[in-house]
Amino acid sequence: MNHSLTVSRLPRVLTRWLAFGFAWLLLGMFLLPTSKLYQQGLILFFWLPGLLAVLAIPVVRRSWDGVLLFLFALSVFWAGLSIGWGGEPDQLKELLYVCLAVNAMVALAALNPRLLWQVLLGCALLGSGFAWWSLFEFYIWQGQPLDVRVVSTGLLNHTILASHVIGVIGLVVLFMRSLLPPRFPSCLWVVACLGCLAFLLMSRSKGPALALLVCMSLSGLWSTARWGWLAGGGAVFVALLAAWLLPEQLFRGGFSYRPQLLEQAWLLWQENPWLGLGVGADYKLLISELGITHEHAHNLYMHLAVQLGAIGVMLWVVLQAAIFWRAWSSRGSVAGQTLCALCCFSAVALLTDGIGPWVKPREEWFTVWLPVLLGFALYSANYEGFSPKSRVE
């Protein structure tokens with residue numbers, strides 16, 4: 001009897017353990033001083049209970065999306081295989097990290113999908129609070145001038161990458177509003193959205209701002225509510241108005257030498273177009289105007305082309321298309337609409353930044369891997385409020 005009682009408690013224990021680990025993934029970068037501590041926490045709080053769940057609980061093993069798993073496995077296999085012709089062997093650890101994260105998300109979605117999405121929304125609301133705190137700390141506490149680009153707290157000390165994270169947080173808050181408790185004040189939801197928007201504006205990062213504009217412009221396609229088209233039209237109007245009234249501020253800095261980097265990466269890719277240099281392989285791109293080099297193309301897809309060749313890019317694009325199709329098929333649900341928005345935002349934001357998917361947990365995971373993780377989670381979201389058959393009012 002004691003053994004049976006222990007077995008019955010195991011799913012509940014692992015569910016809470018995984019939920020805390022998911023919160024660590026989402027909020028740890030705002031709070032922790034070192035990436036090592038962040039990654040060690042993920043091992044203990046997210047990946048380890050995920051492994052225990054898949055080994056001990058049959059429902060977790062039955063909850064994998066077979067199509068996504070096959071496409072994901074192909075991408076992992078090709079990345080690992082590329083080490084044989086020039087990649088970095090240490091990248092095998094990064095491949096393992098991603099696999100463990102996917103497994104942990106599937107485990108949480110299988111054990112309690114409602115809790116998964118509630119944790120996502122709760123952490124997004126807290127993240128919007130950190131966005132406001134970052135603005136206060138940077139401009140008021142530190143006394144930085146308003147023309148200096150803001151950075152966030154903790155590990156989010158890179159302006160562009162921090163704006164990627166805040167952009168994702170803001171979209172989760174926006175599209176998951178209907179899951180807030182009935183007594184949750186609407187004014188607090190508005191404040192949360194405005195905090196993320198203010199951070200994006202003060203970061204002056206054109207790539208994430210463009211990604212947000214495109215996402216909001218297209219939101220009517222997957223949103224069943226009338227506000228989707230209104231928000232999209234409003235976003236386009238505000239962007240055109242800003243381009244007319246504040247062209248110097250809006251376009252200050254130009255394209256930050258992105259075209260030159262893409263040109264150099266294109267020439268490098270042509271030297272080995274099918275196989276690439278191998279995952280993790282170092283390469284340098286020269287900006288002749290400045291006489292300096294960059295270590296990546298500041299474009300996720302071009303970076304993949306250089307390291308993993310056309311085959312690697314094709315596998316990645318097919319995986320992303322499958323994730324978006326899962327989201328699109330579930331667009332009648334809160335989860336599906338949110339994932340559609342994240343896929344759109346990420347696809348555009350990664351055109352101007354990102355060092356590839358096969359890295360240790362860091363800022364890029366919010367735009368590169370979070371949509372993939374949530375795509376796997378949708379397979380288990382078959383309950384009221386998240387089922388593709390459940391319409392959002």
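The values are calculated or read from the model by the stated rules, or taken from the named source; none is laboratory data. Remember, it's a predicted structure, so these values are computed and weren't measured experimentally. All Cβ positions, even for glycine, are placed from backbone atoms using ideal geometry, and neighbour counts span all protein chains on display.
Kindly indicate whether residue 373 is under 20 Å from residue 96 (Cβ atoms) and outside any loop (DSSP other than H, G, I, E, B). Judged against the criteria, residue 373 is a match.
Cβ separations smaller than 6 Å between residues 6+ apart or across chains give the following pairs from the range 164-193 residues that are not in a helix (DSSP H, G or I) to residues that are not charged (D, E, K, R): 176/121; 176/334; 176/338. Is it the case that residue 43 is out of contact with any helix residue (DSSP H, G or I) (no Cβ under 7 Å at 6 or more places or on another chain) and β-branched (Val, Ile, Thr)? For residue 43, the condition - out of contact with any helix residue (DSSP H, G or I) (no Cβ under 7 Å at 6 or more places or on another chain) and β-branched (Val, Ile, Thr) - is met.
Within the range 86-114, residues that are among the acidic types (Asp, Glu) reach partners that are in a helix (DSSP H, G or I) and modelled with pLDDT of 95 or more with beta carbons closer than 9 Å, at six or more positions or on different chains, in the pairs 94/79. The set of residues in the range 82-100 being under 13 Å from residue 277 (Cβ atoms) and either of a type outside the set (Gly, Ala, Ser) or touching a Leu at 6+ places or on another chain (Cβ under 9 Å) (or both) consists of 82, 83, 85, 86, 87, 88, 91.
Note on the range 294-353: among residues that are in contact with a Cys (Cβ under 9 Å, 6 or more places away or on another chain) and among the aromatic types (Phe, Trp, Tyr), the one that is nearest to residue 120 (Cα to Cα) is 345. Count of the range 104-117 residues, restricted to those that are within 17 Å of the chain's Cα centre (by Cα) and of a type outside the set (Val, Ile, Thr), is 4. Within the range 46-57, one or more residues are under 23 Å from residue 111 (Cβ atoms) and among the aromatic types (Phe, Trp, Tyr). Of the residues screened, residue 64 is one that is modelled with pLDDT under 95 and surrounded by 17 or more Cβ atoms within 10 Å (Cβ to Cβ). Might you check whether a residue that is closer than 18 Å to residue 28 by Cβ, in a helix (DSSP H, G or I) and small (Gly, Ala, Ser) occurs anywhere in the range 134-157? There is at least one residue in the range 134-157 that is closer than 18 Å to residue 28 by Cβ, in a helix (DSSP H, G or I) and small (Gly, Ala, Ser).
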